[in-house]
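Report on one structure; see the data block that follows.
The values are calculated or read from the model by the stated rules, or taken from the named source; none is laboratory data. Computed from a prediction, not measured in an experiment: that's the story for all the values here. Positions of Cβ are generated from backbone atoms using ideal geometry, with glycine treated the same way; all protein chains shown enter the neighbour counts.
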């Protein structure tokens, strides 16, 4: 049995090895403020991943059917979502692959014109952990350039596609001077990311599959993926997550997809969630960039 070398099994690893893996990217100091702007008790950060056709393209796929499902996000999902946000005067963050922005530049311009944030979501919804460092760096930087060129606003945050985080992602994010990431799950409230044990100044707005519509509704007939949860049950889960955040005085963050939740039988979840949150006293609706900026200022 081998006792040293790269072929060791995990239970044979020396402490230095497993500690090094754990400590590559780590949750650092908590950044929940004592209070939110205007004395609000709770912050709400709504987000939408505008993947559209890139879910198929990133697999080198050419399925007309799956591409049409992605196009629905642009034709129906985004307009329905934007109308609800406009009706309630609620800002949100849209995480947009560069290819989506190039396919639908007018969509991104409308999103920004209506007071929302557009942030990085990869180039073609690629898997970061499959990429060499230089390729990941190049795509992340080019994605930021495309979003700025299309919208006129330089993005300050990133959500990695499929929340896939390579050992190089945070270093690239820090090098770019981005304010925040929203791809990791170490907490329910904001925290500062650490890289190899050192604080980076990058804020994490944590996500979770519990607060993501895709796990409840997504379907792939060739992969035998058939999850289905009734929309009322998804709303109940999201509502309970918000209620707990409100009780604790923390952050409620949720992730939705225009091509998934933008359907008539589901989009009501968004409006019902906003209405429920607005019915409580002291709720601050903000973009991810606004939340990150605020918690950084409060932390000093």
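Some notes on this structure:
- In this structure, residue 28 does not satisfy being buried (at least 18 other Cβ atoms within 10 Å of the Cβ) and either more than 20 Å from the chain's Cα centre (by Cα) or part of a helix (DSSP H, G or I) (or both).
For (1) without any contact (Cβ under 8 Å) to a residue 60 or more places away in the chain; (2) in contact with a helix residue (DSSP H, G or I) (Cβ under 8 Å, 6 or more places away or on another chain); (3) closer than 25 Å to residue 60 by Cα, each residue gets a yes or a no:
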| residue | (1), (2), (3) |
| --- | --- |
| 95 | no, no, yes |
| 105 | yes, yes, yes |
| 119 | no, yes, yes |
| 131 | yes, yes, yes |
| 138 | yes, no, yes |
| 149 | yes, no, no |
| 154 | yes, yes, no |
| 159 | no, no, yes |
| 165 | no, yes, yes |
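- Residues that are modelled with pLDDT of 95 or more and more than 16 Å from residue 85 (Cα to Cα) do occur in region 264-275, at least one of them.
- For residue 149: the one exception among (1) assigned to a helix (DSSP H, G or I); (2) in contact with a strand residue (DSSP E or B) (Cβ under 6 Å, 6 or more places away or on another chain): (2)
- Positions within region 111-135 being part of a helix (DSSP H, G or I) and surrounded by 20 or more Cβ atoms within 10 Å (Cβ to Cβ), in sequence order: 111, 128
- All conditions in (1) within 18 Å of residue 104 (Cβ to Cβ); (2) crowded, with 21+ Cβ neighbours inside 10 Å hold for residue 76, with the sole exception of (2).
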